1. Return the pair list, or none, for Cβ contacts closer than 6 Å from residues in the stretch 822-835 that are assigned to a loop (DSSP other than H, G, I, E, B) to residues that are open to solvent by 20 Å² or more (accessible area, probe 1.4 Å), at least 6 apart or on different chains.
2. Residue check, residue 805 against (1) within 43 Å of the chain's Cα centre (by Cα); (2) loosely packed, with under 15 Cβ neighbours inside 10 Å, all met but one. Which one?
3. Take residue 660 and decide whether it is in a strand (DSSP E or B) and of a type in the set (S, T, N, Q).
4. Kindly list, by first and then second residue, each pair from a residue in the stretch 127-155 that is modelled with pLDDT of 85 or more and open to solvent by less than 30 Å² (accessible area, probe 1.4 Å) to a residue that is among the charged types (D, E, K, R) and assigned to a loop (DSSP other than H, G, I, E, B), limited to pairs with Cβ atoms under 6 Å and residues at least 6 apart or on different chains.
5. Give the number of residues within the stretch 783-798 that are open to solvent by less than 20 Å² (accessible area, probe 1.4 Å) and in a loop (DSSP other than H, G, I, E, B).
6. Condition first: closer than 22 Å to residue 964 by Cα and in contact with a Phe, Trp or Tyr (Cβ under 6 Å, 6 or more places away or on another chain). Now tell me which residues in the stretch 878-900 satisfy that.
7. So which of 906, 867, 850 ends up being over 27 Å from residue 751 (Cβ atoms), in contact (Cβ under 8 Å) with a residue 60 or more places away in the chain and either among the small types (Gly, Ala, Ser) or surrounded by 12 or more Cβ atoms within 10 Å (Cβ to Cβ) (or both)?
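The values are calculated or read from the model by the stated rules, or taken from the named source; none is laboratory data. Note that the structure is predicted; figures quoted are calculated from it, not measured. Because the Cβ atoms are built from the backbone with ideal geometry, glycine has one as well, and the counts that use them run over all protein chains shown. Protein only, heavy atoms only, side chains kept; ligands, DNA and RNA dropped before computing areas. Shrake-Rupley method; radii C 1.70, N 1.55, O 1.52, S 1.80 Å.
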Amino acid sequence: MEMKMPLRLLPDDFLYAETRPIKNTQKEVIVSMEKLYETETVTPVHGLLRHSPLPQSKPVGTMPLETLPLDKKTFEDKALEQMLLECEPSKNKSCDFSQIKAKSLEEHILRLQNLCRICGVAFNTNCYDMKYPVNGPVDDVTQEVLRKMGYGECFWPELIRNTFRIDVKTDTEARYPTHFCFNCWRIVIQTINNTTNEDAFFPICTIVEWKPHSNLCSICNFLSGARKRKGLKRSPPVTKKPKVTTDAPVRPRVIKRKDQVTSTSLLLARKIVNCKKFHLTSKLLVLDYPNNFIQSVSCQVCEHLLADPVQSPCKHLFCRTCILKCIAVLGKYCPVCRFPCGPKELLSPVKSFINVLNSLVLKCPATDCEMEVRLGEYSNHAQNHKETRMKHAYSPVNKGGRPRLHLLSLTRRAQKHRLRDLKLQVKAFADKEEDGDVKSVCLTLLLLALRAGNEHRQADELEAVMQGKGSELKPAVCLAIRVNTFLSCSQYHKMYRTVKATTGKQIFQPLHALRNAEKILLPGYYSFEWQPPLANVSTNTEVGIIDGLSGWTQCIDDYPMETISRRFRYDVALAAAVKELEDDILEGLKCHSVDEFVSGPFTVVIKESCDGMGDVSEKHGCGPPVPEKAVRFSFTIMSISVMNNNDEKVVIFEELKPNSELCCRPLSLMLADESDHETLTAILGPVIAEREAMKTSDLILEIGDLHRSFRFIFRGTGYDEKLVREMEGLEASGSMFVCTLCDSTRYEASQNMVFHSITRSHEENLVRYEIWRSNPYCETAEELRDRVKGVSAKPFIETQPSIDALHCDIGNATEFYKLFQDEIGELYKNPNTSKEERKRWQAMLDKHLRKKMNLKPVMRLNGNFARKLMTKETVEAVCELIPSEERRQILRELMHLYLQMKPVWRSTFPARECPDLLCQYSYNSQRFAELLHTEFKHRYEGKITNYLHKTLAHVPEIIERDGSIGAWASEGNESGNKLFRRFRKMNARQSKSYELEDILKHHWLYTSKYLQRFMEVHNTLKDIKRATVEPELISAEDTIPNDNSFDF
């Protein structure tokens, strides 16, 4: 007897088993689940789940996990409806509990396939719910997205571990789900794209903990707590008093999607497009459409009716102009869901959608028109509302004769003749409306014509060229590349022709375009004014490179000046340098909360530097018999400050690298010897006169569309010891007056090494020069020399009493180099040694330093050798040659004290970089002087070097006055010496005067802040490209087989 048992009478074990054999003497009762899968299966195709019918049923064991139904509710409903029970009463009911447990575990695995591995949310059964496997390589769509971001081949476990910190490599099917949802996929893509998760539909807050299957499994017992309560009836609703409201028109509320409500990028995108005047609003529609339909025909950014619609890869619709503006400003991704997309990936919607869009009826927005037109016919209708053409508008007239030819088939002369009236009209319009920019007007007309003819591809290319984003580089970029790579005119022109012939495109600009870009960056382009006007200086601002001897009035008895000099006018160069800092000044005002419309006065601190470059003659061929020396005078803008609303001084710009050659702007170049006092006076005399005039006047310059005033403070600190003595009229460095800062003699400085103060100044030296020249007290030569403290010539340039950190380091390293030799030969035991012995010690030291420290001996100590010599490693290497252990410890202590003092006067900002060493400087200097006075008395008895005296006596006082010593050094000017030689080789000419002019011009362009920004962007893009290419090369190397038969 066969019977059908109702489902409610089945035991609980049947609810959790898919297929269970029940042993019976007559017949087995089989709970079949085969019909459960006869209706439909779900097949994932590229992340999308699509339904496909099965021609015949398959058993559960033979079906893959991807083809099982994903919805838990659907699984249970179909199980209740289609489960067939074939039961027959049995005498002995015995169950195989092992098979029941196995089937229960199999059902648990099937339920896990319906859940997300990361967030634990159940999948839906619709075709739009995408899922992705946890293990294995990424799918094609995701791989394409990652490839656009610059990534190579990726795998899901690595991406999940980097995003959620979850390791899925050790997952098992019996415990963990094997797929994750689309929301988690979006978070993975956003994390890789370095964007925030504020627009994500499902932000991950906690990690789901998956437990093994058991009798109390929360996944399998999900239905136990979902039963409906019985016996309790709902209470009747409480009556409320009706609210008394005014009759207001009820407006339909437009319900926005979740991603539109929470997206901040959409709010920014609407401000960017600003298309209220161009696109039509949905309020003009005649019929009252549902809100969902209005959203489907509206732009996702501006919310206007779609104009020239395009569809992104993520299936969002936009106006073409709106999405292109958003991509250009925000980046190459969708502003709604942040899915990566570029301009080339935007496609037109299907034709049926465009037909529906064009068939919408709307009211004409014109004030005098009440017609109702279709959206597709609105453009033709709008032409009727335009003003009538001008009375003298051009109209083609054929006066007979041969047939009228097309405009493009005519010669250039005939084209000019036919378009002469139109050309005059366009020129008149450009002069009236666009400040004479005829080119922009013509290009805009062409762009509008291409848009009207639906030739959007050509229009996009033309618009990119108009915005400077075409395939060709800007002239300023080409100029920066040429200057920073030191290409001559012929070398750049050859590169320009080669690239153009190879690629078929004009990527680089021709030389005449670079010369036009040079005019904007060189001094003399911007207009300015001085209040009051500068004394003895022309008011003309369009002054470029001038002759350095133009201000020297030659008398009849004077011999002709045998030198060549080129320079900028000082005030013109300062105005150009301040104008290049316009962006930095405005940014500084904004960062320090200073009023952007403040007119000043701004205080500009200038560091002046001057140094000889040594022999710069050509080393090849038959050069000049006498070495050709050169001198360069330059300046650096150190800081710009202004008073805020509280009358407090605020520094809005500060040069972070004042000792770089990129900040040292050249002002004058001359082929002369720095020791030639007469030549330096003649060439730098006009420069000093211009500087003295600028001290009492304010510069009026346009910054940020406002005229602002600037005051300049000049500080001549970038001079070495030799040039300071030359400009201040002091005796040479071998004089008994050891210091350029105080009046102490060499003997006094050796007896008292620490306690001295700055007493010299430019005004004091001028007074002493007058005393030396007139000798009012009728003293002898020795008495007069002691009175004027070594002043022997007229000072002609004002210098700031300071220490040159670079040459101080070199001078002290030279002194330590000699100390090493003395300690090797034990000079403290026998001070009287011959020259041969000293040379032998030096050779021994050079050989040992070359072997241990890789220091090659040099003829003259330079900065690099000094930095390597003054280290603890070098002292340890030298101590190997010193026989006495006591002298080794003394030498180690001496070097340790020096290394504690050196950062104080070498750092740019000692109060921020080394505050502890700054506080300990006085103690370290006194201990250092004590060691020199006691242990090295044989060398410093009655004598001391100039730089060692300045290091021990004057460093704390200068830092207390100026705040730094290293920032005011001449290192930037010294670094520019190599640039002179490279630019001279780049601009080799027959005439040295033109050659010097080109060197000065290109040196100024090399230090231009404007061109440096282009090179920073260029280097950044190059680094990014290298970073994306290297992983591909590494992966390519990994794929090369390791076969010894390859013979390279």
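1. 828/938; 831/938
2. (2)
3. Against the criterion (in a strand (DSSP E or B) and of a type in the set (S, T, N, Q)), residue 660 does not qualify.
4. Hits for this filter: 134/117.
5. The qualifying residues number 3.
6. Of everything in the stretch 878-900, just one residue is closer than 22 Å to residue 964 by Cα and in contact with a Phe, Trp or Tyr (Cβ under 6 Å, 6 or more places away or on another chain), namely 897.
7. Values: 867 fails: in contact (Cβ under 8 Å) with a residue 60 or more places away in the chain; 850 fails: in contact (Cβ under 8 Å) with a residue 60 or more places away in the chain.
None of the others qualify; the one that does is 906.
Yes/no per residue for (1) farther than 24 Å from residue 688 by Cβ; (2) modelled with pLDDT of 90 or more; (3) among the hydrophobic types (A, V, I, L, M, F, W, C):
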position: 612; (1), (2), (3): no, no, no
position: 620; (1), (2), (3): yes, no, no
position: 635; (1), (2), (3): no, yes, yes
position: 645; (1), (2), (3): yes, no, no
